[in-house]
Amino acid sequence: MHMSDALVSPAVGGVMWCVSAGALALASRVADGSRERLVPAMGVLGAFVFAAQMINFSIPLTGSSGHLGGGLLLAVILGPWAALLTIASVLVVQALFFADGGLLALGCNIFNMSVLPCLLICPFVYAPLAGKEASPFRLGLAAVLSSVLALQAGAFAVVLETLCSGVTALPFRSFLFLMQLIHLPIGVVEGLATALLLLALRRRGGALVQALPVAAVREESGEVSSAAGLGRKLAVLSMAALVMGGVAAWFASPLPDGLEWSVSGVADGKAEVGVRSEWASKAASLQRVLSPMPGYAFRTDGIAEAEEPPSWPGVDLGTTAAGVAGSVLVALLIGGVALMLRPGKEGRIVGGERR
């Protein structure tokens, strides 16, 4: 669901940059002393979601594919605000290093894939559905329904942002219908995966899942830093992220994702769906310069054939390098942001008051 700059006008892109920046600024302020204890989990889970998003799965009978978003999963585990910062970090790394999602559209992507699932769906849909003492069935049902709603809300936001931009010739009703249609099965798959992961973590008990549904890591309890076994769980998730990004991503579906499939369906085979703005062209040019591995592969533009990266049959070194590097970069970015937001000598913000 990563929007490209070709779908977004400078005005809509700028507004959504401001909206998303405001949400991130608020997320960085709504914190207490436990934020530092959450940073290791945020970094590891961010890397895990980055790697998971590299694995596109085919949607039968459609010619399309989808991938997990991870916003709801992290909101349940980390709490909405920490999850918002984590998913936003994933999207920033994807845009800057791998040209996945436009720079002008980055504010839209953060809002659609981070703000909506973390600040809207998790607290107002998942939490009431799951309840305080969720049975496995109730937790699974809440996860599936919430994931479907999160994908539907994000798909609707994409269509609305495209419509308001007015830079494409995509018909609103047809585009909306295809976007909602294709993201329905994607949401079901994400919901099932989210439910299985949450149930597995809760079954194992211990530090990583303490109090579903709102925040599986209880920020106010201090349990994150002291509970036995947290390090082992994070180590397992770190290895899982490296394996998914470094190896499992080789087998990702090459089919277009839900957004690309929907645009192609309503464009009726036309090469261009609209007129790219000057700002979008500049943003795309800047992204080509900044991204060292566009498309999660080694760059091949401007190099001789003899200088091309080595390859072996059945081994996709570009994807492996991108998966490992991206996972590490996400973890480092989250750690760096947390370090910059570290409370100073003047005190920290708790509930909007300085102490």
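The values are calculated or read from the model by the stated rules, or taken from the named source; none is laboratory data. Predicted model, so just to flag it, every value in this text is computed and none were measured. Virtual Cβ from ideal backbone geometry, glycine too; neighbours counted across all protein chains shown. SASA here: full protein model, heavy atoms, side chains in, ligands and nucleic acids out. Shrake-Rupley method; radii C 1.70, N 1.55, O 1.52, S 1.80 Å.
For region 188-207, filtering for residues that are open to solvent by less than 60 Å² (accessible area, probe 1.4 Å), modelled with pLDDT under 80 and either acidic (D, E) or within 23 Å of the chain's Cα centre (by Cα) (or both) leaves 1.
Filtering region 91-112 to residues that are open to solvent by 20 Å² or more (accessible area, probe 1.4 Å) and either within 21 Å of A193 (Cβ to Cβ) or not in a helix (DSSP H, G or I) (or both) leaves A99, D100, L103, L104.
Under the condition of being within 19 Å of the chain's Cα centre (by Cα) and either open to solvent by less than 10 Å² (accessible area, probe 1.4 Å) or not hydrophobic (A, V, I, L, M, F, W, C) (or both), the residues counted in region 9-24 number 3. State all residues of region 55-71 that are under 22 Å from L149 (Cα atoms), assigned to a loop (DSSP other than H, G, I, E, B) and of a type in the set (A, V, I, L, M); if no residue qualifies, say none. Within region 55-71, I55, L68 meet the criteria. When each of A88, A41 is tested for being modelled with pLDDT under 95, crowded, with 21+ Cβ neighbours inside 10 Å, assigned to a helix (DSSP H, G or I) and of a type in the set (A, V, I, L, M), the lone residue that passes is A41. For region 122-148, a residue qualifies if it is aliphatic (A, V, I, L, M) and in a helix (DSSP H, G or I), and the qualifying residues are V125, A127, L129, A130, L139, L141, A142, A143, V144, L145, V148.
Scanning region 124-131 finds no residues that are within 15 Å of L24 (Cβ to Cβ) and either β-branched (V, I, T) or open to solvent by less than 10 Å² (accessible area, probe 1.4 Å) (or both). The residues of region 6-31 that are closer than 24 Å to V167 by Cα and among the hydrophobic types (A, V, I, L, M, F, W, C), listed by number, are A6, L7, V8, A11, V12, V15, M16, W17, C18, V19, A21.
Mind listing whichever residues of region 58-79 are open to solvent by 20 Å² or more (accessible area, probe 1.4 Å) and either modelled with pLDDT of 95 or more or of a type in the set (S, T, Y) (or both)? If the condition is that a residue be open to solvent by 20 Å² or more (accessible area, probe 1.4 Å) and either modelled with pLDDT of 95 or more or of a type in the set (S, T, Y) (or both), then S58, T62 are the ones that fit.
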